[in-house]
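Working notes for the structure below.
Laboratory data are not the source of any read-out in this text; all were calculated from the coordinates shown. For clarity, every value in this text was computed on a predicted model and none was experimentally measured. Virtual Cβ from ideal backbone geometry, glycine too; neighbours counted across all protein chains shown.
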C-alpha cells in the first residue's frame, strides 16, 4: 500500500478540495446545481479513496470492518434518501447533519482514549480533539432535537425554566472544563464530563429556540458540523477534511446571517428564544370580526382577476397542497389569469423550503417571486391567496412597534386589492403571534384544511370557466 | 497562551488556506438565490460528512484486537456514510425536480 507517495497524496488532496469548491460554486446557480452536487460527490469519493489507500504508520488496516461499515452506511443512506417526502426535507437534513456530528463525536472520543492510553499527549492536538468532541456533540444532539421539533414529536412548549441562564452557565462550564483539561490532561474522566455537558447543551440550546426560527437553527447546526469536521481534520492532519469542513462552516455561517436578516433579528435574540407564545401584541383583537367567504364567491373573484398571487407557508407543506396549487395555477392560466408565487425567505421550516415543494409540483421557477419582486408585483394584484402562511404576511411587522416581529420584512399583501386566507381555524401561527391581517377589511377567510379548500376552489373554477 | 502561539506558528500555511476557505465559503454563498437554499444546505451538509475520512483512518490505524476502537470507528463510518450518501442522494433528488423545467 506504499505505492502512494506523499507528493501524490497531496496532489489528490488538491484535486479533491478543488472539486468541493467547484461543486459548491455550481450548487449556487439553478442551471449548474445538479452537476455541482455530482462534482462535490466526486471530491468526496477521491477523499475517501485516499483515506483507504494512503500509507499508515501503525495498525492492521481492518479493511473488512471498513468495507462492511461503508456498505451498511451507504445502503441505509441511499434508501432513506429515496423514500423521504419533499415536505419532510427539513427534518431529513437535520437528521443527516446530526449523524455527521455523531461521527465527529465518536472519532474524537476514540482518539482521546488513545491519547490517554499511550500517554502521548501533544497539547495542540489534544485541544483540537477536545473541541471536535465538544462541537460534534452539540451538533449531534442539537440536530436530533431539531429533527424532533420539525417532525412534531418535540413540542415547542418544552422549555427549561430560566433556559438562558442555564445555557449560559453550561457554556461557561464547558469552556472552563476544556481549558482545565488541556492544561492538566491527567485523567480521562473530565473528558466524559465535557462530552456529557456538550450533549446536554445541544439539547437545551435547540429546545430554547422558537419554532419560527428553525431555518436559522438548521443553518447553525450545519455550520457546526462543518467546523467539527474541520477540527477532526487538524487532528489527522488531513487537508481535505480541514478545508471542506471550513467551507461548510463558513457557508453555513453566511446562510445563518442571511436568514437572520430576512427576519430582522439578531443571532443573539434567536438563540435567546425571543419568539414565543407569551409575547403580548399592542393590537387587541378580542372583539374584532373576521369576514368569511364562500368557495363560490372566492372562485368568482379569482376567475375575474388579472393577477393572482399565491403565498405558501408551512401550512401548505403540512397539508401536502403543493400539487393542488399547481393545478389551480394551470386552471387560472387557462382563462388568462396571471399567477405568481410570493416566497418569503423564511417561509417554511428551512431556507428555501417552499421552493423545493413547488418545484416538486412542477411549478416553473420563473413564477416564484422573492420578497422584493413580490412586493412590487403585489401592488397590481387583484387577489392574494394565503396558503398556510402566517407570520410572513403579518402587517404588525410594519406598523406595530409592540409586536415581537416588528421590523421584520414581510410580504405586503395588503397592497393588493383582496386577500383570501386559507386557514384551519382562528389559532395564531407557529410563533404564537396574533395576526391583524385576518381582521383587515381587504381580507376574507376560507376556513378548512388548506388542501380541501384548494380542491373545492379548483372544482368550482372548472365549473364557472366552462 | 503559549499553546495557541505555538499552534499558530506550526501551522502557518494551513492557516492561510483556512482564511481563504472562510472567505471563499462566504463568497460562494452570499449570492445564492432563495430557490437553491435548501439543496445548497443539504449539499453542504453532505460535504460535512467528509469527517468519515477521519473515521476510516481511525479504523485503519487500530489493531485488529482493539475492539473499543473498532466499535467506535465502524459506528462512526456507518453514521458518516449515511450522511454522505444520503445527503448527496437527497440533494440530487431535489435538483432533478428543478431541472425538469
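Regarding the stretch A:1-154, what whole-number volume in Å³ per residue does the convex hull of its Cα atoms give?
It comes to 158 Å³ per residue, whole-number rounded.
Using only the Cα atoms of the stretch A:187-233, construct the convex hull and provide its projected area averaged over every direction, in square nanometres to one decimal.
Directional mean of the projected Cα hull area for the stretch A:187-233 stands at 3.8 nm².
Going by alpha carbons, how many degrees (0 to 90, nearest 10) lie between the helix axis of A:63-83 and the longest principal axis of chain A?
0
Would you mind checking the radius of gyration and Dmax of the stretch A:295-465 based on alpha-carbon positions, in Å?
14.6, 46
Under 20 °C and 1.002 mPa s, how fast does the stretch A:55-96 diffuse according to Stokes-Einstein, given a Kirkwood radius computed over C-alpha pairs? Answer in µm²/s, whole number.
Using the Kirkwood radius from Cα pairs, D works out to 170 µm²/s.
For chain B, list log₁₀ I(q)/I(0) at each q in 0.10, 0.17, 0.24 Å⁻¹, using the Debye formula over Cα point scatterers of equal strength and ignoring solvent, two decimals each.
Calculated log10 I(q)/I(0) at the listed q: -0.48, -0.96, -1.10.
Calculate the tail of P(r) for the protein assembly as shown: the fraction of all Cα-Cα distances greater than 40 Å, expressed in %.
Every Cα pair in the protein assembly as shown considered, those over 40 Å come to 29 percent.
I'd like the orientation of helix A:6-27 relative to chain A: the angle between its Cα long axis and the longest Cα principal axis, in ° from 0 to 90, rounded to 10.
For A:6-27 against chain A, the angle is about 10 degrees.
Please state the relative contact order of chain A as a whole percent: Cα pairs under 8 Å, 6+ residues apart?
Worked out over chain A, it gives 14 percent.
Kindly express, to the nearest 10 degrees and within the range 0 to 90, the angle between helix A:123-151's C-alpha long axis and the longest C-alpha principal axis of chain A.
30
Which shape class, rounded, prolate or oblate, goes with the stretch A:307-395 when its Cα gyration tensor gives a ≥ b ≥ c as root eigenvalues, a/c under 1.5 marks rounded, and past that a/b bigger than b/c marks prolate?
Here the stretch A:307-395 falls in the oblate category.
Using only the alpha-carbon atoms of the stretch A:78-234, report the extent along each of the three principal axes, biggest first, to the nearest angstrom.
50, 41, 19
Set the Förster radius R0 to 45 Å, insert the Cβ-Cβ distance between residue B:14 and residue A:373 as r into 1/(1 + (r/R0)^6), and round the FRET efficiency to 0.05.
In this case the efficiency is close to 0.60.
What does the helix-only formula give at 222 nm for the protein assembly as shown: each DSSP H stretch with n ≥ 4 adding -39500 (n - 2.57), the total divided by the residues, and the result rounded to the nearest 500 deg cm²/dmol?
-20500 deg cm²/dmol
For the pair residue B:26 and residue A:120, what calculated FRET efficiency results from E = 1/(1 + (r/R0)^6), where r is the Cβ-Cβ distance and R0 = 41 Å, to the nearest 0.05?
With R0 = 41 Å, the Cβ-Cβ based efficiency is 0.65.
Please give the peptides B:83-95, A:406-418 ranked by average Cβ packing (other Cβ atoms within 10 Å per residue), highest first, as a rough proxy for protection.
Answer by packing, highest mean first, reads B:83-95, A:406-418.
Where does the stretch A:50-137 land on Rg(C-alpha)/(2.2 N^0.38 Å)?
Relative to the rule-of-thumb radius for its length, the stretch A:50-137 sits at 1.38.
Take the alpha carbon gyration tensor of the stretch A:130-185, find the square roots of its eigenvalues, order them as a ≥ b ≥ c, and report rounded if a/c is under 1.5; if not, report prolate when a/b exceeds b/c, else oblate.
Oblate is the answer for the stretch A:130-185, as a/c is 1.5 or above yet b/c matches or exceeds a/b.
Scattering from the C-alpha atoms of the stretch A:181-260 alone, worked out with Debye: what is log10 I(q)/I(0) at q = 0.10, 0.19, 0.23, 0.24 1/Å?
-0.33, -0.94, -1.04, -1.06
Expressed as cubic angstrom per residue, what is the convex hull volume of the alpha carbon set of the stretch A:1-52?
Hull volume normalised by residue count: 50 Å³.
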